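The values are calculated or read from the model by the stated rules, or taken from the named source; none is laboratory data. Remember, it's a predicted structure, so these values are computed and weren't measured experimentally. Neighbour counts are summed over all protein chains in view; Cβ atoms, including those assigned to glycine, are modelled from backbone coordinates with ideal geometry.
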Amino acid sequence: MGVSFASLSDRQKDFIAAQDLFFVATAPTAIDERVNLSPKGYNKLQVFDPNTVGYLDLTGSGNETAAHLRDNGRMTIMLFAMSGEPLILRLYGYGRTIRPDHEDWDALYPSFEPMPGERQIIILDVDEVRESCGFMVPHYKKVKERDELLTFARSLGPEGLAQFQVDENLTSIDGLPTGLREPESTFE
């Protein structure tokens, strides 16, 4: 069953800071639409306070998390010990997207390492923290980060990246809007 907490302890914050990998789960309201589960690396999950965490989201092949957050906000983040003492840590709550034009971007963005393909910051307002044993999770050793996504974003350049987002990131695989907008045309 695990142990439940109302907010993150200092021990849990330290555990989060030590992890190179975490998973984000969201789901749309409609039961006939797809649940999304995404692994995240590169930038670590940042703890802003005992009930707020976030990560810098990069442009990828989809934008399911943003679409589901727009739909209902429900989100779970899971981390697990890849070495050392076993532990699975789940953070439950409601998420939101902060894009570069949002009033909170300038305050939050310095917490992250700048990376090519930055799309948005995903924030989770945590209302429950749950620990479980993690006894079945094997030990893993990180070899290195993959650089393919960063190389891909650099190869597109700013205009190509914006076009890729229009082509691939405006709706979820179920057709839900993600909140990204097509750039406005400028006519003289």
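Numbers below:
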{"item": "Filtered residue count, the stretch 46-64, keeping only those that are surrounded by fewer than 21 Cβ atoms within 10 Å (Cβ to Cβ) and modelled with pLDDT of 95 or more", "result": "8"}
{"item": "Cβ pairs under 7 Å, 6+ apart, first in the stretch 93-111 and in a loop (DSSP other than H, G, I, E, B), second among the β-branched types (Val, Ile, Thr)", "result": "ASP104/ILE98"}
{"item": "Test: PRO177 is in contact (Cβ under 8 Å) with a residue 40 or more places away in the chain, closer than 21 Å to GLY2 by Cα and surrounded by 13 or more Cβ atoms within 10 Å (Cβ to Cβ)", "result": "no"}
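A quick yes/no check of all residues on (1) over 20 Å from LEU21 (Cα atoms); (2) of a type in the set (A, V, I, L, M); (3) touching a strand residue (DSSP E or B) at 6+ places or on another chain (Cβ under 8 Å):
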position: ASN72; (1), (2), (3): yes, no, no
position: PHE80; (1), (2), (3): no, no, yes
position: ARG99; (1), (2), (3): yes, no, yes
position: ASP104; (1), (2), (3): yes, no, yes
position: TYR109; (1), (2), (3): no, no, yes
position: ARG119; (1), (2), (3): no, no, yes
position: ILE122; (1), (2), (3): no, yes, yes
position: ASP127; (1), (2), (3): yes, no, yes
